[in-house]
Amino acid sequence: MRADIVLLPGDGIGPEIIAEAEKVIHEIARIFSHDFNLSFGEIGGCAIDKYGDPLPDSTLEPCKKADAILLGAVGGPKWDDPNAKTRPEVGLLKIRKELGLFANLRPIKPHTTLIDASPLKREIIEGVDILFVRELTGGVYFGDSELREEDGEQVAINEMIYRTSEVERVVRVAAKAAMARGKYLTSVDKANVLEVSRLWRRAAQNVVSQQYSELKYDVVLVDAMAMHLITRPRDFDVVVTGNLFGDILTDEASVLPGSLGLLPSASLGESGPGLYEPIHGSAPDIAGKGIANPLATILATAMMFQHSLGLSQEAELIEKAVEQVLDAGHRTADIASDTESISTTEMATKVIEAINSLA
Ligand code: IPM
Ligand code: MN
């Protein structure tokens, strides 16, 4: 198959991990005789430095035409000034909105040989397999905002807004995913307080009862969900929620498996390219040292093959290879306990070797 893939390395460790994912893409192309056309773009802090814009048109336009986009990470202390004209994160929010990437898939599944690295007890974490579906282009992230003076003090307002259709489409994505997994969907809201959440709850309920009545379906308040994730994470299958709650809950969930360096994510729209990235950030403290864990980005590449290119065999091969490498005890610094750690490049090389031995 032919596909156009845009790589957006971004900031911090982004370029290092994307360079390794790129090798994996080339290897898959070679083994399966695919023709992948890779191009590069700038997003985040590096784009601010060069163009004064975290997502210039020269990046956005090729992305719109691509089949898939693989992103490293954006941000860093260099661009953290709260009074700056723009911020790296603005680039990320803009690319989500411009490409209509309303469904953010964040799978949380601890690797068996790393369970003891989890902050939770083995008996709580064992068997956890959750897919978070976070709404990504609406809610308080994209409502109007205002900062004004009132009675001699500053007052700030952010509007939290959801339309029924926005809720319905993301719940449909989550329900469909649940049908292909454990057939259990949990919708998370704050309907005891927020009007937005009451609309969310009605819309979600409608989608499920009209189209997915085979699913087991629950609603949980977001504060309770924060507790359940720690006390009984194994009980959940697919969890769907709004943008802000999803941001917070997925960060909470992402530490359960013991390393952030292992978790990929996919952002999908109704049509057009998907955006794939590791869940972790740009880790400026270790940037340039060659010790970052490339596995989350490599697993994001697998999600890209699966969701945007329809190449499930290739995706599975990458996932199996990562599993094999971890089973064999290879560790980057973030997941090494007493074992010696290997570098970013060495880890990717191990994965590529495993891909070849499994292929
Ligand atoms: C994420 C990040 C972003 C978000 C930031 C960097 C804007 O935290 O992808 O979860 O809040 O969505
Ligand atoms: Mn976040």
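Looking only at region 226-253, count every residue that is within 16 Å of ligand 2 (Cβ to nearest atom), assigned to a helix (DSSP H, G or I) and open to solvent by less than 30 Å² (accessible area, probe 1.4 Å) and tell me the total.
Initially, region 226-253 is screened for residues within 16 Å of ligand 2 (Cβ to nearest atom), giving 226, 229, 239, 241-253.
Still in the running and assigned to a helix (DSSP H, G or I): 226, 229, 243-253.
Subset that is open to solvent by less than 30 Å² (accessible area, probe 1.4 Å): 229, 243, 246, 249-250, 253.
Residues that pass the stated criteria total 6.
Of the residues Leu131, Leu101, Leu120, Leu136, which is surrounded by 14 or more Cβ atoms within 10 Å (Cβ to Cβ), more than 15 Å from ligand 2 (Cβ to nearest atom) and closer than 29 Å to Val6 by Cβ?
Numbers: Leu101 fails: more than 15 Å from ligand 2 (Cβ to nearest atom); Leu120 fails: closer than 29 Å to Val6 by Cβ; Leu136 fails: more than 15 Å from ligand 2 (Cβ to nearest atom).
It is Leu131.
Considering only residues that are among the small types (Gly, Ala, Ser) and within 14 Å of ligand 1 (Cβ to nearest atom), look in region 279-306 and name the one that is farthest from Glu16 (Cα to Cα). Please lay out each step first, then the result.
Residues of region 279-306 that are among the small types (Gly, Ala, Ser), as a first pass: 281-283, 287-288, 290, 292, 296, 300, 302.
After this cut, where a residue has to be within 14 Å of ligand 1 (Cβ to nearest atom) as well, the list is 281-283, 296, 300.
Values: Gly281: 13, Ser282: 10, Ala283: 11, Ala296: 12, Ala300: 15 Å.
Per the stated criteria, the residue is Ala300.
In region 77-93, how many residues are within 16 Å of ligand 2 (Cβ to nearest atom), assigned to a helix (DSSP H, G or I) and open to solvent by 40 Å² or more (accessible area, probe 1.4 Å)?
The qualifying residues number 3.
Determine the pairs where a residue that is free of Cβ contacts under 8 Å to residues at least 60 places away in the same chain and part of a loop (DSSP other than H, G, I, E, B), located within region 139-159, has a partner that is of a type in the set (A, V, I, L, M) and within 16 Å of ligand 1 (Cβ to nearest atom) with Cβ atoms under 9 Å apart, the partner being 6 or more residues away or on another chain.
Sorted first by the residue in region 139-159, then by its partner, the pairs are Gly143/Met160; Glu159/Val140.
Can you tell me which of Ser259, Ser271, Ser312, Ser265 is more than 16 Å from ligand 1 (Cβ to nearest atom) and closer than 25 Å to Leu60 by Cβ? Step through it out loud before you land on a result.
Details: Ser259 fails: closer than 25 Å to Leu60 by Cβ; Ser312 fails: closer than 25 Å to Leu60 by Cβ; Ser265 fails: more than 16 Å from ligand 1 (Cβ to nearest atom).
One residue alone meets the criteria, Ser271.
When you look at Leu105, is it of a type outside the set (S, T, N, Q), part of a helix (DSSP H, G or I) and within 15 Å of ligand 1 (Cβ to nearest atom), yes or no?
Numbers: of a type outside the set (S, T, N, Q): yes; part of a helix (DSSP H, G or I): no; within 15 Å of ligand 1 (Cβ to nearest atom): yes.
For Leu105, the condition - of a type outside the set (S, T, N, Q), part of a helix (DSSP H, G or I) and within 15 Å of ligand 1 (Cβ to nearest atom) - is not met.
The values are calculated or read from the model by the stated rules, or taken from the named source; none is laboratory data. In this text, all values refer to a predicted model and were calculated from it rather than measured experimentally. As a convention, Cβ positions derive from the backbone with ideal geometry for all residues, glycine included, and neighbour counts pool all protein chains shown. Only protein heavy atoms, including side chains, enter the accessible area calculation; ligands, DNA and RNA are left aside. Shrake-Rupley method; radii C 1.70, N 1.55, O 1.52, S 1.80 Å.
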